[in-house]
Amino acid sequence: TLQQWPPSFAYQKPGLFKALVEVTSSGGQVYTASQWLLIRSMAVERGALCDIYGYLKAKLMLADSVASSLAFAASVRPEYLNSFTQIGADLPSLAPELGTIVSGFAGPTYAELLVMRDNPDQTRNGFHVHMVQDADGVWRISGM
């Protein structure tokens, strides 16, 4: 009976789980349904997204245009690699301009980070960093 069915369930850890619901009608017929559920840890997800952004800044500081471009999704990587290659030895000057992550949102296949940077005139500018899961499942930047 549905009265005995808990209306919600809190998973204690992330992972892939198969939820199974079995209902018996008043006539005795059994109905079964199942669904795979991917339970994610938002703390782990946020850490991974911040790591990608940190990786980009670290590689820019090393003036490594190829490694810097690897922070970007395959669909936009050539465009960023071209820009980084043209900037060349001045890449380290970009890293401080990228600012600090102050907030964000993560969905199943898309994430957005809000980044703020301080300006010399005591004002702040903000911009969004858009991220997607690339074909290999790894989160990467799709636009800034």
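The values are calculated or read from the model by the stated rules, or taken from the named source; none is laboratory data. Note that the structure is a prediction, hence the values are computed from the model and not measured. With ideal geometry, Cβ positions are generated from the backbone for all residues, glycine too; neighbour counts draw on all protein chains shown.
A few notes on this one:
- Of the residues making up the stretch 117-137, those that are closer than 22 Å to VAL44 by Cα and at pLDDT 90 or above are HIS128, VAL129, HIS130, MET131, VAL132, GLN133.
- Any chance LEU37 is aliphatic (A, V, I, L, M), at pLDDT below 90 and surrounded by 11 or more Cβ atoms within 10 Å (Cβ to Cβ): yes
- Hey, SER83 in contact with a Ser or Thr (Cβ under 9 Å, 6 or more places away or on another chain), touching a residue at least 24 places away in the same chain (Cβ under 8 Å), of a type in the set (Ser, Thr, Tyr) and not in a strand (DSSP E or B) or not: no
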